[in-house]
Amino acid sequence: MTDTKKQTSNIRPVLVAAIAATLMTGCATSGNPKDPIEGFNRAVFSFNETVDKALIKPVAQGYDYITPTPVQTGVSNFFGNIADLWIGFNNLIQGKPGEALSDVGRVVINTTIGIVGLFDVATGMGLEKHEEDFGQTLGRWGVGDGAYVVLPIIGPRTLRDTGGFLVDVWIDPVANHDPVSVRNSALALRAIDMRADFLKAESAIEAAALDKYAYVRDAYLQRRRSLIYDGNAPRESPFAQLAPSENLMNMLPIEATWRFMLVGTPATMGVDVMNSQRSTELAVASN
């Protein structure tokens with residue numbers, strides 16, 4: 001086995017170990033059926049926040065300060081273009097060939113006319129940017145969410161999305177690139193660029209949430225539900241929890257404070273938040 005393959009494979013045992021450690025704590029239950037290990041999840045969430053404030057956020061702030069906006073946009077476009085390959089495959093196996101063909105078209109156009117993806121020419125030509133991953137594919141195939149979990153460093157997931165995440169990382173062209181030095185630099189750049197994108201949204205979450213953990217959890221679960229149904233999710237029970245604000249539901253990335261492995265892209269959400277709020281208010285009033 002080459003050194004490249006050995007170092008690439010080192011990522012996977014770390015992810016598996018982190019996930020296994022989380023799932024083995026199932027005895028620490030809570031009264032929330034969607035979050036049965038809330039006590040442990042809150043501890044991991046606090047750990048992630050501490051690491052982010054001490055290390056990752058300052059690096060992202062420095063990157064945002066010294067890097068011109070056009071350059072940041074080019075970096076995001078470049079990694080987004082790479083992600084479109086896997087997005088297209090997921091659209092295809094979800095039974096959406098039209099969207100898959102659009103994704104392939106985006107890659108061809110942005111790789112050529114857009115100069116290896118630095119410029120998003122395809123969007124201006126009417127080829128919409130999609131957001132798909134294998135966790136969404138599993139959801140479209142009927143696999144249930146499972147329990148909500150917060151993984152060290154990786155952040156919020158459900159059991160289903162954790163399995164999907166492992167597949168995403170296994171396939172990720174950036175995480176499997178050769179030589180290793182280029183791969184590691186690309187992973188670091190992508191992570192920092194994504195964290196910098198989140199700086200503006202972060203202040204809004206801090207201002208809106210009395211309980212940041214619960215807010216992020218509920219926003220994550222509702223956003224994933226909307227993504228699985230392409231913005232047309234069946235309406236849940238009127239007794240469901242009040243939705244986070246519509247602006248925050250559209251922000252990137254709501255799934256985690258940072259993500260080291262996977263490219264995230266903004267999604268146009270079709271969630272009727274105001275109607276959901278009215279339904280909840282009526283249900284409360286009826287009691």
Sole exception among (1) modelled with pLDDT under 95; (2) within 22 Å of L227 (Cβ to Cβ); (3) surrounded by fewer than 16 Cβ atoms within 10 Å (Cβ to Cβ) for S203, by number: (2)
Which listed residue is assigned to a strand (DSSP E or B), aliphatic (A, V, I, L, M) and open to solvent by less than 20 Å² (accessible area, probe 1.4 Å), from V174, V149, V216: V149
A21 vs. criteria among the small types (G, A, S), at pLDDT 95 or above and not in a loop (DSSP other than H, G, I, E, B): no
Filter result (open to solvent by 40 Å² or more (accessible area, probe 1.4 Å) and either among the aromatic types (F, W, Y) or at negative phi (or both)) within the stretch 95-120: P97, G98, E99, L101, V104, V108, T111, T112, I113, L118, F119, D120
Any chance V150 is in contact with a strand residue (DSSP E or B) (Cβ under 8 Å, 6 or more places away or on another chain), at pLDDT 95 or above and not aromatic (F, W, Y): yes
Restricting the stretch 85-94 to residues that are in contact with a Ser or Thr (Cβ under 9 Å, 6 or more places away or on another chain) and either over 20 Å from Y229 (Cα atoms) or of a type outside the set (A, V, I, L, M, F, W, C) (or both), the residue that is most open to solvent (accessible area, probe 1.4 Å): Q94
Criterion violated by A208 - all others in (1) at pLDDT 95 or above; (2) within 21 Å of S46 (Cβ to Cβ); (3) not β-branched (V, I, T) satisfied: (1)
Flag if I109 is assigned to a helix (DSSP H, G or I), over 20 Å from the mean Cα position of the chain (by Cα) and modelled with pLDDT of 95 or more: yes
Matching residues, the stretch 41-65, being free of Cβ contacts under 8 Å to residues at least 40 places away in the same chain, under 13 Å from I192 (Cα atoms) and open to solvent by 70 Å² or more (accessible area, probe 1.4 Å): L55, Y65
Check on P58, outside any helix (DSSP H, G or I), modelled with pLDDT of 95 or more and out of contact with any helix residue (DSSP H, G or I) (no Cβ under 6 Å at 6 or more places or on another chain): no
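The values are calculated or read from the model by the stated rules, or taken from the named source; none is laboratory data. Model, not experiment: these values are computed from the prediction. Cβ: placed from backbone, ideal geometry, glycine included. Neighbour counts: every protein chain shown. The area values use the complete protein model at the heavy-atom level, side chains included, leaving out ligands, DNA and RNA. Shrake-Rupley method; radii C 1.70, N 1.55, O 1.52, S 1.80 Å.
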